[in-house]
Amino acid sequence: MFDDRTHAGQILAEKIAALNLKNPYILAVPRGGIAVAAPIVTKLQAKMGVLIAKKIGHPLNSEVAIGAIMPDGSLIHDNQYISGIGVKQDVFDQLTEQARKVFEQRVKTYEELIIKNHEIKGRDIVIVDDGIATGYTMRAAIKWLQKWTPTSVTVAVPVAPTDVTGKLRDDNVGVVCVDERDVFEAVGTYYKDFREMTDAEALEYHRLAPNAIVRL
């Protein structure tokens, strides 16, 4: 169990440093991922930006993704799957609108820290979050990133289900995970302190991390 997100990031930092990435760029997922990423940025002396994507959750279980809004604002979803699980189009449209409002607010909040397309090419991209549950949005965001030809993409998280990490590896994505679980509970159960972070707190973690300025 991790004491808090900083503790988890310190452990991850040692594992990522062992990869000897030549040109790393740390992409943190707000909000909690920024706190995890801060010790990694310090250890690697790497640049840090943010990756913003927003899951569209099932109306009966928000943890189950039925779509996602990508970093460029585009929507990905599977109409056949959505209709197959009984989600009507008007309900999906409403959920999408709600998710887009959250996405747009995050873009506004973290505007100066969002990675630009030209910054991806030829870099070793390391995506950091405080944990993964279903992995749908993460996998979708990775496909979006790969369009811009990074040298490599690695997902670094303290805890994740083995089926999700397995799918990532099948997609030729590097995975650094401290605790992979066959039977997975909510991400917060693996932390002693998993209090909800505010945007102001996340931005402060970013401000204090060395080399956190994202513009090249």
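Every read-out reported here was derived from the displayed coordinates using simple, explicitly stated rules and does not represent laboratory data. Since this is a predicted model, take the numbers as computed values, not measurements. Please note: Cβ atoms are built from the backbone with ideal geometry, for glycine as well, and neighbour counts cover all protein chains shown.
Observations on the model:
- The slack between Asn20 and Thr151, meaning 0.36 nm per residue of separation minus the straight C-alpha distance, is 45.8 nm.
- A run of the chain free of exposed loop cleavage sites, with GluC sites (Glu not before Pro) counted only in DSSP states other than H, G, I, E and B and at most 15 other beta carbons within 10 Å, reaches its longest extent at 1-184.
- Inter-site label distance for Gln80 and Ala186 at 7 Å from Cα along Cβ, in nm: 3.5 nm
- From the coordinates shown, Kirkwood radius over Cα pairs in Å corresponds to which of [x] 17.5; [y] 19.5; [z] 17.9: [x]
- Acute angle (nearest 10 degrees) that the helix 89-109 long axis makes with the longest principal axis of the chain, alpha-carbon atoms: 20 degrees
- Look at the Cα gyration tensor of segment 74-181: its axes a ≥ b ≥ c give a/c of at least 1.5 with a/b at or below b/c, and that counts as oblate.
- Pair Asp93, Gln45: separation of 7 Å Cα→Cβ label points (nm): 5.5 nm
- Sequence-ordered 3J(HN,Hα) estimates for segment 114-124 from the Karplus curve with 6.51, -1.76 and 1.60 and θ = phi - 60° stand at 6, 5, 9, 3, 5, 7, 8, 4, x, 9, 8 Hz, glycine and proline given as x.
- Estimated 222 nm signal from helices in the chain, with DSSP H stretches of n ≥ 4 weighted -39500 (n - 2.57), rounded to 500: -12000 deg cm²/dmol
- Ordering of 151-157, 31-37 by packing [mean C-beta count within 10 Å, highest first]: 31-37, 151-157
- Cα centroids of segment 150-171 and segment 43-94: 18 Å apart.
- As a ratio to 2.2 N^0.38 Å, the alpha-carbon radius of gyration computed for segment 55-105 takes the value 1.05.
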